[in-house]
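The values are calculated or read from the model by the stated rules, or taken from the named source; none is laboratory data. Everything quoted here is computed from the prediction, not taken from an experiment. Methodologically, a virtual Cβ is constructed for each residue, glycine included, from the backbone with ideal geometry; neighbour enumeration extends over all protein chains shown.
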Amino acid sequence: MRRFLSTLAALVLLACGGGGGGNPATPAEAPAPPVVTQAGISLLFMGNSHTSVNDIPGMVAAIVRVMRPNVSVSSVEAPGWLFLDERLADEASVRLLREGRWNFVVLQAQKYSSSGQFTYSTSEAESWVRMTRAVNAVPILFPEWPRRGVAETQRIYDLHVSIARREPACVAPIGQAWDLALSRHPELVLHDADGNHSAPAGAFLAALVIATTITGTSPVQLPFLQQLPVDAQTQAKLRAVAAETVLAVSPRQYCPADPFA
């Protein structure tokens, strides 16, 4: 969790995930809501530092542009680094969702218990899914990757599936992609030094899975994207991992009727 949280808040949230833990930088005050741009494919991201670090929204947009070369693509990240329950009370976030013409809304930062001993409400995430559908956008849940050395992928994924079972949403198998990548290529550095946030390669892998969830297009044939801070060899490895992951764990199994981009 960002260090801008007070000591008390940090102690309260120490046992919960959804973006908890030390961050590589301390943010300034939350910026004003960004200008909503219109495009052929408009993406809105709502999350916290796990979304922001290494600019996963920008990576997803770059990948989708290659997957859909004849369509313009824009991505916007909602202001502030907030858990989904906190964001539901944030007027700027609610207004941004309602006033934009979004095609897909990616929702990250559901609280979860890092120890597995506590339960946190999912009703706020379910509200975001309903609100997303009310503006005719496709909701995509973003389960976070596991912390380094912690076997928590299935628990985090199952928590998000429980949300999608109540309020239909796509569920991107990001943690499964990380596990497969580290199993096949243990030399890869997917985590930041804190063991919680992403390194550039980890962000790129998450972005591949999200972009494939949006388009339904396998990433295996993507070219090298030289504008991204991941070398060509690593990108190739991660494209293959992402393609295999989405075949094994479909991101569309809980939103089968929703359109692709």
Tell me, yes or no, whether region 21-31 has at least one residue that is at pLDDT 95 or above, buried (at least 21 other Cβ atoms within 10 Å of the Cβ) and under 25 Å from residue 154 (Cα atoms). no
Which residue pairs have Cβ atoms under 7 Å apart, sit 6 or more places apart or on different chains, and have a first residue in region 161-186 that is of a type in the set (Lys, Arg) and a second that is surrounded by fewer than 24 Cβ atoms within 10 Å (Cβ to Cβ)? 165/254; 166/126
Is there a residue in region 129-136 that is crowded, with 22+ Cβ neighbours inside 10 Å and among the polar types (S, T, N, Q)? yes
Among the candidates 192, 158, residue that is in contact (Cβ under 8 Å) with a residue 60 or more places away in the chain and either closer than 30 Å to residue 117 by Cβ or in contact with a His (Cβ under 8 Å, 6 or more places away or on another chain) (or both): 192
Close pairs (7 angstrom Cβ cut-off, 6 or more residues apart or separate chains): assigned to a helix (DSSP H, G or I) in region 58-87, acidic (Asp, Glu) anywhere: 84/124; 85/124
Residue that is more than 26 Å from residue 119 (Cα to Cα) and over 19 Å from the mean Cα position of the chain (by Cα), where the choices are 229, 256: 256
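Give the residue, chosen from 163, 156, that is modelled with pLDDT of 95 or more, part of a helix (DSSP H, G or I) and under 17 Å from residue 198 (Cβ atoms). If you could, list the steps in order and put the result at the bottom.
Details: 163 fails: under 17 Å from residue 198 (Cβ atoms).
Just one listed residue meets the conditions, 156.
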Go through 188, 182 for me and flag whichever is part of a loop (DSSP other than H, G, I, E, B) and of a type outside the set (Phe, Trp, Tyr). 188
Which residue out of 206, 201 is at pLDDT 95 or above, assigned to a helix (DSSP H, G or I), within 20 Å of residue 81 (Cβ to Cβ) and small (Gly, Ala, Ser)? 206
So which residues in region 118-153 are out of contact with any Gly (no Cβ under 9 Å at 6 or more places or on another chain), of a type outside the set (A, V, I, L, M) and in a helix (DSSP H, G or I), if there are any at all? 123, 124, 126, 127, 128, 130, 132, 133
